[in-house]
Amino acid sequence: MSVLRIAYNNFKNNIKIYTMFFISMIFSVVILSNFMILLKGNTLDYLGKMNKEYSKMTLQILIIMLTLFMLFFIWYSSNIFLKNRKKEIGIYTFMGLDSFTVGRIYFTEMMLIGLSSCAIGTGIGVLFSKFFQMIVFKMADFNIDIKFNITADSIMYTVATFLIIFIIMALKGFINILRSSVIDLLKDNKKGDEPVKVRFYTYLIAAVSLFFVIYGYYMISNDKTKALRTLIIVCIGTYGLFGTVLSVIFNFLINRKSILYKGENIITINNLFYRMRKNFTTYATIAIFTACTITVLGAAVSMKTLYEKQAENNELYSLTFTSNEEIKNQEKIKELFSGIGKVKYSVNDSVLKVNVTEKNSFRTEKEDFIVLSYDQFADILRRNNHQDSISKVTSDMISGNNVVYIPRPMTLGSLVNKSTIVIGDNIFQKGKDDMKLPVIGCAFNNQTLIVSNENYKKIEKYGEKNNFLGIKIENDSKLLDKKVMDKLVTGMSKFVNVKQVAITCGIYKTDRIAWLKVIYAMMAFLFLVFILAEASIIYIKIYGDANEDKIKYKVLKNIGTSTKEIGRSINKEVTMFYLIPVMVGLVHSYFAIGALGNIISIDLTKTFVISVIVSVVVFFISAVFSSRMFKKIVRV
């Protein structure tokens, strides 16, 4: 029988093992091909030049992320496959086949998986590319006429990327088989079967691992610039957590006879102890992977939230007028809006612009800031119907030398933490968290400080007053119509000296960040790829464990353990295999999404809850299928 025939038969006979992996690979190729089609096509041209450029730049980053993820996923999954198949491969060698031939069989089998998933995924991706783009732009709330537009280079890149990764991983397995002896192959699954003893150094490593994780949480909560350092420390701590802390916990449970001998706990706890200890790197990786997956969804939802917050700030006023001089003819200006929509509110005030020296961990620089007293801040919010936001600034935030900082309009995020503000001979401290408050919208392209009334009097002499008029009308989306806007500008030219008064239309600024909504939709699809792949890794691992435990459960049935007890034990075991790494990943992602919220100055607690609910639902469904599969294999 030829190598190709044997490999094909293996591929056909093991399709149940490959199912989740196969589906994940196909879906990954579908998303990669559609990302490439969108990048190389002309659909993004409808967004305008600036939105197109930002969308393409971010899409390229997402493609790189997806490619790196596919590299990791195929590498990790192929390692699990090879480990689960080594005994079978060893039998081939024992029967007389040389290692080179066995390696060729494995390589050919892997390439059959790769070629078939690549062909199916690319085909589905091309066939449904228009539908994919319709979903993306519908989620992004765009009304665009999508056309079927496929470029050859987008397909070539998708196929080449996927197959290169698969060939490298198949070659890696081929070399691994060549270097393994028959005894190593036959005994590979037995590695780690020796009894585990919890010694003093186990407790020591467990304590250090917990310290690393907790210290990492502390660092990212207090300094968002230390994200990379936190990532490294928490990852190290996570592997130690699964390698030692869980061993200590399970050892404690085993030594408590009242717990161990209750119901079928003796089966569940011993199996969990053995599996977690033997495969702690796998489950630690899954925990980290879970954190990444949930953070991707959190980042996707945060893009939409960020857009909405920016739009709210930009469109706080339909039009704003700013000048060093008095803004005259205000009533006549308001009358010009009567043909567009009713005036909802208007704010006319003068704000203080001060040259500030700001010192932070990155640099020291001088820049003009807008400074508002607390009373002025509260008064403006009452006049623009946002009085509910007044309570967000408490007296403690502006007591002593503390100030509240509002980022520059159109600033999406910042890594700067606490900084010192120097105004004349007064030194103020900016808090670690920024706030986005609906005060003056995008009228001034400056950062804003809110200070106490007493401090405002001290620094008033260092700045100059700038007059500000903000008008909000109903149906201001009509201002996007060029004819309407041209007519309005022509009318205002009779009353407003454009050389002295700067005019800003908020809705036009919002239109420039529409790319955020597109990125939100694409990152949502990236999340689906991640979570499906993660569920498949756990599923494949449990499948291997079930096959390994067939004899063990047969013995349990022979000595009188009921099928019902074994079934309950399997349910608990599979649940814990999902629950432990997923729970650790959820805690990691809570701090990761919190750090993201600090960077973009938005509370993402709701986003985190949404991400958790979606992830838990997917993992619950996967756990149900895994449990049924486990029982079917061990014939319970």
Please indicate, with yes or no, whether at least one residue in the range 216-224 is within 30 Å of SER99 (Cβ to Cβ) and either modelled with pLDDT of 85 or more or not in a helix (DSSP H, G or I) (or both). no
Of these, ILE249, ILE259, ILE269, which one is open to solvent by less than 20 Å² (accessible area, probe 1.4 Å), part of a helix (DSSP H, G or I), over 30 Å from VAL529 (Cα atoms) and among the hydrophobic types (A, V, I, L, M, F, W, C)? ILE269
Just to check your reading of the model, which residue among SER323, SER338 is touching a residue at least 60 places away in the same chain (Cβ under 8 Å), among the small types (Gly, Ala, Ser) and either out of contact with any Cys (no Cβ under 6 Å at 6 or more places or on another chain) or open to solvent by 60 Å² or more (accessible area, probe 1.4 Å) (or both)? SER323
Looking at the range 45-148, what helices (runs of 4 or more DSSP H) fall wholly within it and have at least 1 residues that are at pLDDT below 85 and among the polar types (S, T, N, Q)? 49-94, 99-127
Could you list all residues from the range 278-315 that are within 30 Å of LYS541 (Cα to Cα) and either without any contact (Cβ under 8 Å) to a residue 12 or more places away in the chain or in contact with a His (Cβ under 6 Å, 6 or more places away or on another chain) (or both)? ALA291
Boolean, VAL422 is farther than 26 Å from THR510 by Cβ, at pLDDT 85 or above, open to solvent by 20 Å² or more (accessible area, probe 1.4 Å) and among the aliphatic types (A, V, I, L, M): yes
What number of residues within the range 557-566 satisfy the criterion of being more than 16 Å from LYS632 (Cα to Cα) and in contact with a helix residue (DSSP H, G or I) (Cβ under 9 Å, 6 or more places away or on another chain)? 1
Just one listed residue, out of GLU367, GLU331, GLU326, GLU358, is part of a helix (DSSP H, G or I) and either among the hydroxyl-bearing types (Ser, Thr, Tyr) or out of contact with any helix residue (DSSP H, G or I) (no Cβ under 7 Å at 6 or more places or on another chain) (or both), and it is GLU331
With the condition kept exactly as written, say whether any residue in the range 215-223 is open to solvent by 20 Å² or more (accessible area, probe 1.4 Å), β-branched (Val, Ile, Thr) and outside the structural domain of SER419 (by the TED database). no
All-but-one check, LYS430 against (1) among the charged types (D, E, K, R); (2) open to solvent by 10 Å² or more (accessible area, probe 1.4 Å); (3) out of contact with any helix residue (DSSP H, G or I) (no Cβ under 9 Å at 6 or more places or on another chain), failing number (2)
Near pairs, Cβ below 7 angstrom, 6+ apart or cross-chain, from the range 371-390 (closer than 21 Å to ASN445 by Cα) to any residue that is open to solvent by 60 Å² or more (accessible area, probe 1.4 Å): LEU381/GLN387
Consider VAL555 carefully, then state whether it is free of Cβ contacts under 8 Å to residues at least 40 places away in the same chain and farther than 17 Å from GLU264 by Cα. no
How many residues of the range 30-40 are open to solvent by 10 Å² or more (accessible area, probe 1.4 Å) and at pLDDT below 90? The answer is 2
Among the numbered conditions (1) crowded, with 22+ Cβ neighbours inside 10 Å; (2) touching a Phe, Trp or Tyr at 6+ places or on another chain (Cβ under 8 Å); (3) part of a helix (DSSP H, G or I), tell me where LYS304 comes up short. (1)
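So, of the residues in the range 537-563 that are hydroxyl-bearing (Ser, Thr, Tyr) and not in a helix (DSSP H, G or I), which turns out to be least open to solvent (accessible area, probe 1.4 Å)?
For the range 537-563, the residue satisfying everything is THR561.
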Looking only at the range 8-29, filter to residues that are open to solvent by less than 20 Å² (accessible area, probe 1.4 Å) and at pLDDT 80 or above; which one of those is nearest to LYS632 (Cα to Cα)? SER24
Do the conditions hold for SER55, that is, is it crowded, with 18+ Cβ neighbours inside 10 Å and within 27 Å of PHE137 (Cβ to Cβ)? yes
The one condition THR607 fails out of (1) touching a Gly at 6+ places or on another chain (Cβ under 7 Å); (2) within 25 Å of SER622 (Cα to Cα); (3) open to solvent by 40 Å² or more (accessible area, probe 1.4 Å) is (3)
So is ILE602 outside any helix (DSSP H, G or I) and either in contact (Cβ under 8 Å) with a residue 40 or more places away in the chain or at positive phi (or both) or not? yes
Against the condition open to solvent by less than 70 Å² (accessible area, probe 1.4 Å), in contact with a strand residue (DSSP E or B) (Cβ under 7 Å, 6 or more places away or on another chain) and not small (Gly, Ala, Ser), how does ASN355 come out, does it pass? no
Does ILE249 satisfy the criteria of being of a type in the set (Val, Ile, Thr), within 25 Å of ASP549 (Cα to Cα) and over 32 Å from the mean Cα position of the chain (by Cα)? no
Mind checking which residues of the range 113-163 are closer than 29 Å to ALA311 by Cα, hydrophobic (A, V, I, L, M, F, W, C) and out of contact with any Lys or Arg (no Cβ under 8 Å at 6 or more places or on another chain)? PHE131, PHE132, MET134, ILE135, VAL136, PHE137, ILE144
Report yes if GLY585 is open to solvent by less than 20 Å² (accessible area, probe 1.4 Å), in contact with a Ser or Thr (Cβ under 6 Å, 6 or more places away or on another chain) and either of a type outside the set (A, V, I, L, M, F, W, C) or without any contact (Cβ under 8 Å) to a residue 12 or more places away in the chain (or both), otherwise no. yes
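The values are calculated or read from the model by the stated rules, or taken from the named source; none is laboratory data. On a predicted model such as this, the values are computed, not experimentally measured, just so you know. Backbone-built Cβ (ideal geometry, glycine too); neighbour counts: all protein chains shown. These area figures cover heavy atoms from the full protein model, side chains too; ligands, DNA and RNA do not enter into them. Shrake-Rupley method; radii C 1.70, N 1.55, O 1.52, S 1.80 Å.
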